[in-house]
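The values are calculated or read from the model by the stated rules, or taken from the named source; none is laboratory data. Bear in mind the structure is a predicted one, so any value in this text is a computation, not a measurement. FYI the Cβ positions are ideal-geometry reconstructions off the backbone, even for glycines, and counts take in every protein chain you see. Side chains are part of the model used for accessible areas, which takes the heavy atoms of the whole protein and leaves out ligands, DNA and RNA. Shrake-Rupley method; radii C 1.70, N 1.55, O 1.52, S 1.80 Å.
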Amino acid sequence: MMAGEAAAALLIFFLAAVSGEAGSALPRFAEAPQYRNGEGCPAPSGAGVCDPGLVHIAMTLDAHYLRGSMAAIYSLLKHASCPESLFFHFLAAAEPSDDVTALRRALAASFPSLRFQIYPFRADAVTGLISASVRAALEAPLNYARNHLADILPPCVPRAIYLDSDILAADDVRRLWETRLPAAAVVAAPEYCHANFSRYFTPAFWSDPALGARVFAARRRPPCYFNTGVMVIDLRRWRAGNYRRRIERWMEIQKEKRIYELGSLPPFLLVFAGEVEAVDLRWNQHGLGGDNVHGSCRPLHDGPVSLMHWSGKGKPWDRLDAGRPCPLDHTWKSYDLYVPGDGSGAASPASGPAALSASW
């Protein structure tokens with residue numbers, strides 16, 4: 001090989017390597033401010049993740065929604081009375097394993113004092129059970145990882161708050177953690193009994209004499225819609241009742257009869273609607289991402305706000321980047337730690353959250 005050819009080959013190799021590296025690189029994020037416990041917070045027991053004074057928060061984590069996750073974590077720490085008592089449990093796709101390492105580094109860089117663990121989640125645990133949905137994003141295996149929380153988290157963790165990545169906290173999450181779960185309840189969540197519950201299932205479901213209303217006949221209360229993006233889950237009761245398998249059984253029936261259209265939510269409703277312990281609606285001001293087709297702008301519901309949730313197709317970071325933000329997306333922006341590639345518009349976390357606090 002001639003010297004010129006060798007140089008050209010080396011250049012091509014270098015460009016290919018850089019291109020591959022850029023393709024797998026995560027976005028850059030600013031470091032968030034450090035938050036410390038206030039007076040009256042429980043002292044660490046030295047038991048690590050098994051410390052009884054911890055508040056356990058579970059979320060999924062992936063590159064596509066990482067920008068939302070970073071803002072969510074930031075808001076939870078900002079408003080916590082005992083931020084050092086928050087322990088985050090992140091479920092991330094097991095493959096490729098390099099992604100898990102990159103996600104861990106990104107979290108540690110933006111939140112150096114964050115107490116967290118990442119658990120690799122294997123897609124093949126759920127892929128055979130997933131049916132087509134109204135929106136392709138709802139078919140991602142990681143959407144179903146919440147079904148496996150009780151199997152993945154350490155047995156010493158008694159309960160967990162499950163949160164979607166597109167939320168912002170505006171209140172101390174410990175208040176949600178302290179939700180009382182009576183003996184008959186496994187899940188607590190805000191319920192929306194004014195919603196048309198029947199629309200979450202197909203006519204074939206309601207017309208089947210073995211399904212339909214009969215499924216909910218023996219429940220504690222009439223079934224109501226609840227959003228699975230904010231839940232308090234008693235993990236010990238979940239394990240004892242084998243609730244993952246109950247959810248999977250409905251997913252198997254869906255494969256046979258097509259009884260719903262909307263991703264991972266309907267199986268939860270089939271198992272838990274009418275059995276959920278109701279939480280104040282302030283803890284899930286949901287639907288801010290619009291519907292699952294258009295992602296149009298929506299205002300907050302009437303009443304106090306402890307947690308905002310951009311459920312639906314429209315995500316605030318996408319709408320901001322496209323130059324078509326909804327009014328409430330500017331509130332989310334005050335927690336955005338994302339640093340653009342050119343360095344312009346870099347986050348300034350030291351002053352950002354004041355905008356959210358003032359808006360209430």
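What number of residues within the range 172-203 satisfy the criterion of being open to solvent by 50 Å² or more (accessible area, probe 1.4 Å), in a loop (DSSP other than H, G, I, E, B) and either more than 29 Å from Ile259 (Cα to Cα) or out of contact with any Lys or Arg (no Cβ under 8 Å at 6 or more places or on another chain) (or both)? Total meeting the criteria: 6. Does Ser198 satisfy being in contact with a helix residue (DSSP H, G or I) (Cβ under 8 Å, 6 or more places away or on another chain) and without any contact (Cβ under 8 Å) to a residue 12 or more places away in the chain? Here the answer is yes, as Ser198 does meet what is asked. Scanning the range 38-69 for residues that are in contact (Cβ under 8 Å) with a residue 40 or more places away in the chain, under 23 Å from Arg122 (Cα atoms) and not hydroxyl-bearing (Ser, Thr, Tyr) yields Val49, His56, Ile57, Ala58, Met59, Leu61, Asp62, Ala63, Leu66, Arg67, Gly68.
Only one of the numbered conditions (1) at pLDDT below 95; (2) in a helix (DSSP H, G or I); (3) in contact with a Lys or Arg (Cβ under 7 Å, 6 or more places away or on another chain); (4) not basic (Lys, Arg) is violated by Asp291, and that is (2).
Regarding Glu275, is this residue under 30 Å from Ser131 (Cβ atoms) and open to solvent by 60 Å² or more (accessible area, probe 1.4 Å)? For Glu275, the condition - under 30 Å from Ser131 (Cβ atoms) and open to solvent by 60 Å² or more (accessible area, probe 1.4 Å) - is not met. In the range 204-215 there is at least one residue that is surrounded by fewer than 18 Cβ atoms within 10 Å (Cβ to Cβ), out of contact with any Ser or Thr (no Cβ under 6 Å at 6 or more places or on another chain) and among the aromatic types (Phe, Trp, Tyr).
For the range 312-338, the candidate set comprises residues that are open to solvent by 20 Å² or more (accessible area, probe 1.4 Å) and among the hydrophobic types (A, V, I, L, M, F, W, C); within that set, the residue that is nearest to Ala169 (Cα to Cα) is Leu328. Residues in the range 115-166 that are under 22 Å from Leu307 (Cα atoms), modelled with pLDDT of 95 or more and of a type in the set (S, T, N, Q): 1 in all.
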